[in-house]
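K.L.:
Take a look at the following structure, please.
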Amino acid sequence: MSLPSKEDARLCASVVREIARAKGITGDPTSVGALTVAVARLFNKGLRDRETLLSEAMTIVDELMSDKERDSLSGVLRHMNRGAIDRLSSQTMSEDNQQ
């Protein structure tokens, strides 16, 4: 397995940074780490366009959050697993293809 290029790493970091700021979790290292993993998995699945990657990651985060947890992603992102990311991203992609 090879490391991503600097441009790829910067792309993923900018998506993580934007979502973390939008959701107000920049001060929670656990949530930011889980978000980074989610973005990396989406990137490895082939999402290379910034807008698409941002949109898919934001969709996953939004779907994982309940109305009570809008202020903090901590509880959701700490318990997010690979299966949840794969399931939600494939659901979203299939819905996009149907439209």
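K.L.:
Out of (1) over 22 Å from Leu3 (Cβ atoms); (2) open to solvent by 70 Å² or more (accessible area, probe 1.4 Å); (3) part of a loop (DSSP other than H, G, I, E, B), the odd one out for Arg48 is which?
P.N.:
Looking at each condition in turn, Arg48 falls short on (1).
K.L.:
For residues that are outside any helix (DSSP H, G or I) and of a type outside the set (A, V, I, L, M, F, W, C), scanning just segment 1-44, find the one that is least open to solvent (accessible area, probe 1.4 Å).
P.N.:
Asp28
K.L.:
Is it true that Ser72 is touching a Lys or Arg at 6+ places or on another chain (Cβ under 9 Å), surrounded by 13 or more Cβ atoms within 10 Å (Cβ to Cβ) and at pLDDT below 90?
P.N.:
yes
The values are calculated or read from the model by the stated rules, or taken from the named source; none is laboratory data. Predicted model, so just to flag it, every value in this text is computed and none were measured. For neighbour counting, all protein chains shown are included, and Cβ atoms are generated from backbone atoms with ideal geometry for every residue, glycine included. To get the accessible areas, we keep the full protein, side chains included, count just its heavy atoms, and leave off ligands, DNA and RNA. Shrake-Rupley method; radii C 1.70, N 1.55, O 1.52, S 1.80 Å.
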